[in-house]
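These notes are about the structure you will find just below.
The values are calculated or read from the model by the stated rules, or taken from the named source; none is laboratory data. Not measured: the values here are computed from a predicted model. Don't worry about glycine lacking a Cβ; one is built from the backbone with ideal geometry, like all the others, and counts go over all protein chains shown.
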Amino acid sequence: MYTLIGSPATRAFRVVWCLEELGLDYEIVPAAPGGDDIKNVNPSGKVPALIVKNDNGDDDVIIDSVAICQYLADKHNGLTYPAGTIERAKMDSFIHLAVDEFDHACWVWAKHDWIYPEGLKAENVKPACALEFKKAMQHLEERLGDNKYVMGDTFTVPDILLGQCAGWATNMCKFEIPDGKVADYFKRVTHRKAFVKAMRVRNA
Ligand SMILES: N[C@@H](CCC(=O)N[C@@H](CS)C(=O)NCC(=O)O)C(=O)O
């Protein structure tokens, strides 16, 4: 049984989706960013965190959604490839695409839309984020080719990260997903059973 700290409306959703894909048992402590529940385990106050019981029965804590998803994937032997293989390196580079280009554009947009106080919101940052996101869409389209998922027929951790970021991008930032291969890809990942279950958990 894993304990996930963080509301599923945040990046914690990635972990919920990952846990559902792997068929694992978990409970959620729907802690708000910056609150005591998360600050007790992560000094930055950022969610999510995962509490894992170690062999001595003590709690270990993993912070950062990508580290958590990759830990679960490695430990439960799904959604990934063994370390030291070419497939793993290629998969990791898609993780960086998700974090550097997708997550970054949405996160900076959010900071300049509703997170920063008025005096810190800069003009033209949000259109710049929209441009960065558009470029990321082109990069994904080129790298995806005719693949079903980013690594081919196998669904892996970066598909979860990209799928969650696409939801953010369209619902929160109102960025556009181009019709064609990329839109079809996002439809495919968000029609998975585990995604639908994770959405039910999120909306409960
Ligand atoms: N790289 C981290 C980022 C975590 C993060 O920024 N989480 C947001 C909520 S989605 C948060 O807690 N923000 C509060 C803050 O930045 O102070 C991850 O992927 O888990």
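Being modelled with pLDDT of 95 or more, part of a helix (DSSP H, G or I) and near the ligand (Cβ under 10 Å from one of its atoms): is that true of Val47 here?
Considered against the rule, which asks whether it is modelled with pLDDT of 95 or more, part of a helix (DSSP H, G or I) and near the ligand (Cβ under 10 Å from one of its atoms), Val47 comes out as no.
Residues in region 52-65: is at least one modelled with pLDDT of 95 or more, in contact with a helix residue (DSSP H, G or I) (Cβ under 6 Å, 6 or more places away or on another chain) and either in a helix (DSSP H, G or I) or hydroxyl-bearing (Ser, Thr, Tyr) (or both)?
Yes, that holds for at least one residue.
Between residues in region 175-204 that are touching a residue at least 60 places away in the same chain (Cβ under 8 Å) and not assigned by TED's automatic domain parsing to the domain that holds Pro8 and residues that are assigned to a loop (DSSP other than H, G, I, E, B) and surrounded by fewer than 17 Cβ atoms within 10 Å (Cβ to Cβ), which pairs lie under 7 Å by C-beta distance while being six or more apart or on different chains?
Listed by first residue and then by second, the contacts come to Arg202/Ala9.
So how many residues does region 104-128 have that are in a helix (DSSP H, G or I) and over 18 Å from the mean Cα position of the chain (by Cα)?
11
Name the residue, out of Lys197, Lys187, Lys134, that is among the basic types (Lys, Arg) and under 16 Å from Ala98 (Cα atoms).
Just one listed residue meets the conditions, Lys134.
Being away from the ligand (no atom under 14 Å from the Cβ) and under 13 Å from the mean Cα position of the chain (by Cα), is that true of even one residue in region 14-34?
Yes - at least one qualifying residue is present in region 14-34.
Within region 129-153, can you find the residues that are in a strand (DSSP E or B) and within 21 Å of Asp179 (Cβ to Cβ)?
Across region 129-153, the qualifying residue is only Tyr149.
Specify which of the listed residues (Leu161, Leu79) is part of a loop (DSSP other than H, G, I, E, B) and either in contact with a Phe, Trp or Tyr (Cβ under 9 Å, 6 or more places away or on another chain) or not hydroxyl-bearing (Ser, Thr, Tyr) (or both).
Going through Leu161, Leu79 in turn, the sole match is Leu79.
Consider Ala12 against the criteria (1) crowded, with 18+ Cβ neighbours inside 10 Å; (2) small (Gly, Ala, Ser); (3) touching an Asp or Glu at 6+ places or on another chain (Cβ under 9 Å): it satisfies all of them except one. Which criterion is unmet?
(3)
Mind checking whether some residue in region 90-103 is in a loop (DSSP other than H, G, I, E, B) and more than 19 Å from Ser65 (Cα to Cα)?
The answer is no; no qualifying residue exists.
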